[in-house]
Amino acid sequence: MPSKTYLRYLISLLVAALALGLLPARAAELIQVSAARIWPSTEYTRITLETSKPVTHSTVMLKDPERLVLDLNNVELSTVLKTLGDKINPNDPYIRQVRVAYFKPGVVRIVVDLKTEIKPQVFTLPPAGDYKNRLVLDIYPTQDPLMAMLDQLEKPQSLETPVPELETPSEPSTVVNISPDIPLPVQPAPSTIAPSINKKPSPRMITIAIDAGHGGEDPGAKGASGSYEKNVTLAIAKKLKAAIDAEPNMRGVLTRDGDYFIPLHGRVVKARNMQADLFVSIHADAALSAQARGSSVFALSETGATSAMARLLAQRENESDLIGGASFGVKDPNLARTLLDLSQTATINDSLKLGKLVLDHMGAINQLHKRHVEQAGFAVLKSPDIPSILVETAFITNPEEERKLNDSAHQDKLVNSILSGIKKYFAANPALAKTRMVEK
Ligand SMILES: [Zn+2]
């Protein structure tokens, strides 16, 4: 049996160790990580950790091989963290594997083994929507895939027949399937996107940016039987792209082609980088009442909403950035281009024309929630020079409409009605398409 003196000695040692921080703080004091989500995409891969309190952290990049080391302070090594590596998709464009362990007491070290050179962004988010505090690690390619693609395209142009540079000298003379569903930066551009020299250029190519609302961390509205707005909008957006691509002299470009988050401003910037003639954002509406039903179409307002309903809807849609996790204050390397602060009055008038035509056609396949185009301050519609509309296809909170939204045949009808509205718009206003010599 140890003597009393010996016990006292042991206790004093323990107290000293605690005071010096040599022992881990008690588990109760450590920050808990309750959930981990990984959103891989060609644009960037995001790792989100949901935490009981905001986490302080530090990052270091290491080379040969490429690694990112992320240390989290005062965090408990929970099962969620221990199994983080299991969540990595083998097809993740950037992450090879993730290893997690205590680096020292109370400091969890996450080592991300990378497939290529990357630029990380790490930031915390306050609670929003159904989420607690979050620590977000975004892994971007060192070169924006879209910009890489555009650079690639600009080079061979000098070898081709010169293009008239009268009206729009900055616009590319060759149209390809520029969309976020581009190859990984490490891969050579597939030959199908290379400019074809023999094809006769057609006089005009109309580019429609199609924006699938929400995505990734931001599920959007939740349906009566559990479907997510983000999935419905993506399915409809992909179908709309296919329908537009099937039209002569039209091409559709998607702001996202997978389940990942893009900030609202980023969607606007993308549409402008793609030199879109129109921007169509696809959404599904939500209401407390399961009876609420019908389609509606919205445009931007610079001077206040046209109704309380429109104002509330814009508020809800604009929350996407908070829930999805826009890195406010942290520069998104892919969105370096800022928007000009131009008057949008003329563009809004065109948006209203387009919205009315789309709404008219949607009225033929679904009940309308509102018979005229309403306006409010939707952040995603703020392109100064691209007519932009937001389509609330139906109420996902209405069981019958939720079923329709998930039904492929009904999605086709929706897509056809939107496309019919777009075609009518250009038929009625041919001068509105940006003139450029292009080929498909
Ligand atoms: Zn929405």
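Rank by packing, highest mean first: peptides 219-226, 83-90, 42-49, 291-298, with packing defined as the count of other Cβ atoms within 10 Å averaged across residues.
Final packing ranking: 42-49, 291-298, 219-226, 83-90.
Mind checking the full-extension length gain between D64 and E400? Use 0.36 nm per residue of separation minus the Cα-Cα distance, one decimal, nm.
So the extension gain works out to 115.4 nm.
Sorting check: for 59-65, 122-128, 393-399, which peptide has the highest mean count of neighbouring beta carbons within 10 Å, and how do the rest follow?
The most tightly packed comes first, giving 393-399, 122-128, 59-65.
Take each of the peptides 368-379, 410-421, 204-215, average the number of other beta-carbon atoms within 10 Å over its residues, and list them starting from the highest.
204-215, 410-421, 368-379
7 Å from Cα along Cα→Cβ at both A308 and R109: what's the point-to-point distance in nm?
If labels sit at A308 and R109, their model points lie 5.8 nm apart.
In this model, which of K119/K239; K119/K230; K370/K424; K82/K222 are farther than 23 Å apart at the alpha-carbon?
K119/K239; K119/K230; K82/K222
Expected output is a single nm value to one decimal: the length gained when fully extending between Q291 and T116, i.e. 0.36 nm times separation in residues minus the C-alpha distance. What is it?
So the chain would gain 58.0 nm between Q291 and T116.
Once the piece of chain linking K87 and T345 is laid out straight, how much longer is it, given 0.36 nm per residue of separation minus the C-alpha distance between them?
Difference between extended and current length: 88.2 nm.
Label 7 Å along Cα→Cβ of L368; the stretch 385-417 residues with amide nitrogen under 19 Å?
388-395, 413-417
Readers should treat all values here as calculations from the given coordinates under stated rules, not as data from a laboratory. Not measured: the values here are computed from a predicted model. Ideal geometry is used to build each Cβ from the backbone, glycine not excepted, and the neighbour counts take in all protein chains shown.
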